[in-house]
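In what follows, a structure is listed as structure tokens, so that the remarks can point back to it.
The values are calculated or read from the model by the stated rules, or taken from the named source; none is laboratory data. If you're wondering where the values come from, they're calculated on a predicted model, not measured in any experiment. Positions of Cβ are generated from backbone atoms using ideal geometry, with glycine treated the same way; all protein chains shown enter the neighbour counts.
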Ligand SMILES: [Zn+2]
């Protein structure tokens, strides 16, 4: 979510300004929305620079002064960020943060920052999680501070900082997302990713700071002490659980629809048909999931593990339950050393971010963030949503998600940068939602062997459908078009060599929820009964559209497959689905806020979209 970096001056390094540019540029892939830099000159003067823009721009604007100061300086600490808590231009919300004598940059999210602040008996409210960490360190600087951090901070935390009173720098991480160059017995550079430092140093001089450990060094770069603290296993943040299920008759929105007698798919699903018994074509053509031999999967894992402590795999880490559980399995049960990789294109929910933070810190798994230009991506969604509302076509809803399709390229890029070939994608086999393409005129292909992509004919049909809609609704022809087309291309030609563990591991929804919530304190959405797609901020919105106008959502599909798999009764499935489909207005509000649309106006526009649905 953020990139942090630092350089300590050393006589043998030349052209420090170029190196600052390099460190900044590479750290920027982790966050482009705001940036900051703290610079300590030789005469012990601290200068800070902040920008509501990328770190590259910050450096460009301050080029003369930075160039001059870097001729003779002690150290600098930099930060490049995605906005998580708070607003990016709030004056209190800038990094590096300061509390008394302590200055630091923080990558991650501290989940229990308010509790920490209160426990320290500090006045006023705290707005920024990083500020709580700075306070915790400042007030304990003479104690065993790294132990205190490991035992009190819940959530992903990697920091680089400086304490003026002791004239010492420090670096700490609870996930292992921090590296430093140690050359000639001196700490020279620090960064969130090893890849960043490879351009500045030989690989042999790059050291990883292990999870739950930290270092102290002085402004000359001399390492004074290293600590490895005991991992804290207890959950210390406030938990949240999903909303309790209600009886169907108590629910506010229940559509009156004919449904299949076996599954619960309703008559409004594209290309659904019922036979004389009332059985739908999705059930008639349903093929039970056959899992691949678990032993083969486990043997594959055996062949991947490395003896040199380097990462053996990448986990596509979305912030949703399936990838979170997958990360748990790999890191604990299978003793793998995965690197969690997340891609943020601007509509990840806060809960998703918090849960990623909780999981990686509890597991001590290094987490790489790749951030798109979030302002631009949100602006793209804004334009496409306005276009969609002008002429609502249900087959065009996926255009709102075009921005996330870059994920495939990101996983490959991070794999290449870190020399990792194995990429895990925790997508469960019950996620087939034929209707999204169905609304675009694509018939369900029950016998397709092409599990990850579309048949050629369907690809052409889909391209044709989009082209036709672009002509009919020229509002789509906005600056987001290139992005939309890229997304479509990536979706259609989705070919990859990823590993899909749920092809071998049984997907057990109850077990997944129980493990995540009880063992990790994973946060559920208290406004919703479902834990599915919690990380995706778009979900409450598109499900609202489908449910309000067509009477069903992807939940109807998931539960119908569960009925067909024999893991859920029809009554239970129907009740759960109707509960899960109830509009999550808070989630919708959050989403519209992110993409810059007025809530009331948008809800009013949606209510005017024609629909034949009858409500109980
Ligand atoms: Zn059916």
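Worth a mention:
- Among the residues making up the range 359-376, a single one is in a helix (DSSP H, G or I), within 15 Å of the chain's Cα centre (by Cα) and either surrounded by fewer than 24 Cβ atoms within 10 Å (Cβ to Cβ) or in the same structural domain as residue 174 (by TED's automatic domain parsing) (or both): 374.
- Residue in the range 388-404 that is over 18 Å from residue 107 (Cα atoms), within 14 Å of the chain's Cα centre (by Cα) and surrounded by 24 or more Cβ atoms within 10 Å (Cβ to Cβ) present: yes
- Scanning the range 30-46 for residues that are over 13 Å from residue 5 (Cα atoms) and part of a helix (DSSP H, G or I) yields a count of 0.
- Residue within the range 10-23 that is assigned by TED's automatic domain parsing to the domain that holds residue 64, crowded, with 24+ Cβ neighbours inside 10 Å, in contact with a strand residue (DSSP E or B) (Cβ under 8 Å, 6 or more places away or on another chain) and farther than 16 Å from residue 94 by Cβ present: yes
- Residue within the range 251-259 that is within 16 Å of the ligand (Cβ to nearest atom), surrounded by 12 or more Cβ atoms within 10 Å (Cβ to Cβ) and not in a loop (DSSP other than H, G, I, E, B) present: yes
- Subset tally (residues that are under 22 Å from the mean Cα position of the chain (by Cα) and modelled with pLDDT of 85 or more) for the range 481-510: 7
- The criterion of at least 2 residues that are more than 22 Å from the chain's Cα centre (by Cα) is met, among helices (runs of 4 or more DSSP H) falling completely within the range 129-207, by 129-138, 145-152.
Quick grid of which residues meet (1) within 29 Å of residue 583 (Cα to Cα); (2) assigned to a helix (DSSP H, G or I):
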{"residue": "470", "(1), (2)": "no, yes"}
{"residue": "479", "(1), (2)": "no, no"}
{"residue": "486", "(1), (2)": "no, yes"}
{"residue": "490", "(1), (2)": "no, yes"}
{"residue": "514", "(1), (2)": "yes, yes"}
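- Residue match in the range 226-248 (condition: surrounded by 14 or more Cβ atoms within 10 Å (Cβ to Cβ) and more than 34 Å from the chain's Cα centre (by Cα)): no
- Some residue of the range 313-322 being in contact with a helix residue (DSSP H, G or I) (Cβ under 7 Å, 6 or more places away or on another chain) and either within 16 Å of the ligand (Cβ to nearest atom) or without any contact (Cβ under 8 Å) to a residue 60 or more places away in the chain (or both): yes
- The range 413-439, residues that are part of a helix (DSSP H, G or I) and either without any contact (Cβ under 8 Å) to a residue 60 or more places away in the chain or touching a helix residue (DSSP H, G or I) at 6+ places or on another chain (Cβ under 9 Å) (or both): 413, 414, 416, 417, 435, 436, 437, 438
- Sub-9 Å Cβ pairs linking a first residue in the range 590-616 that is in contact (Cβ under 8 Å) with a residue 40 or more places away in the chain to a second residue that is part of a loop (DSSP other than H, G, I, E, B) and exposed (fewer than 11 other Cβ atoms within 10 Å of the Cβ), at least 6 apart or interchain, are 613/256; 614/256; 615/256; 616/256, ordered by first then second residue.
- Single residue of 271, 282 found to be surrounded by 15 or more Cβ atoms within 10 Å (Cβ to Cβ), within 16 Å of the ligand (Cβ to nearest atom) and closer than 19 Å to residue 572 by Cβ: 282
- The lone exception for residue 297 - which of (1) in contact (Cβ under 8 Å) with a residue 40 or more places away in the chain; (2) within 16 Å of the ligand (Cβ to nearest atom) it fails: (2)
- Taken over the range 1-29, the residue count meeting the criterion of being in contact (Cβ under 8 Å) with a residue 40 or more places away in the chain and either within 18 Å of residue 366 (Cα to Cα) or part of a loop (DSSP other than H, G, I, E, B) (or both) is 13.
Residue-by-condition table, conditions (1) in a strand (DSSP E or B); (2) modelled with pLDDT of 95 or more:
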{"position": "295", "(1), (2)": "no, yes"}
{"position": "306", "(1), (2)": "no, no"}
{"position": "322", "(1), (2)": "no, yes"}
{"position": "326", "(1), (2)": "no, yes"}
{"position": "332", "(1), (2)": "no, yes"}
{"position": "342", "(1), (2)": "yes, no"}
{"position": "346", "(1), (2)": "no, no"}
{"position": "353", "(1), (2)": "no, no"}
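- Close Cβ contacts (under 7 Å, 6 or more residues apart or on different chains) running from residues in the range 253-267 that are more than 15 Å from residue 285 (Cα to Cα) to residues that are assigned to a loop (DSSP other than H, G, I, E, B) and near the ligand (Cβ under 8 Å from one of its atoms) comprise 259/265.
- Selection within the range 300-342 - at positive phi and more than 12 Å from the chain's Cα centre (by Cα): 309, 335
- Taken over the range 467-477, the criterion of being surrounded by fewer than 16 Cβ atoms within 10 Å (Cβ to Cβ) and either in contact (Cβ under 8 Å) with a residue 24 or more places away in the chain or outside the structural domain of residue 388 (by TED's automatic domain parsing) (or both) is satisfied by 472, 475.
- Selection of the range 497-522 for residues being surrounded by 13 or more Cβ atoms within 10 Å (Cβ to Cβ) and either in contact with a strand residue (DSSP E or B) (Cβ under 6 Å, 6 or more places away or on another chain) or closer than 21 Å to residue 422 by Cβ (or both) yields 498, 499, 500, 501, 502, 503, 504, 505, 507.
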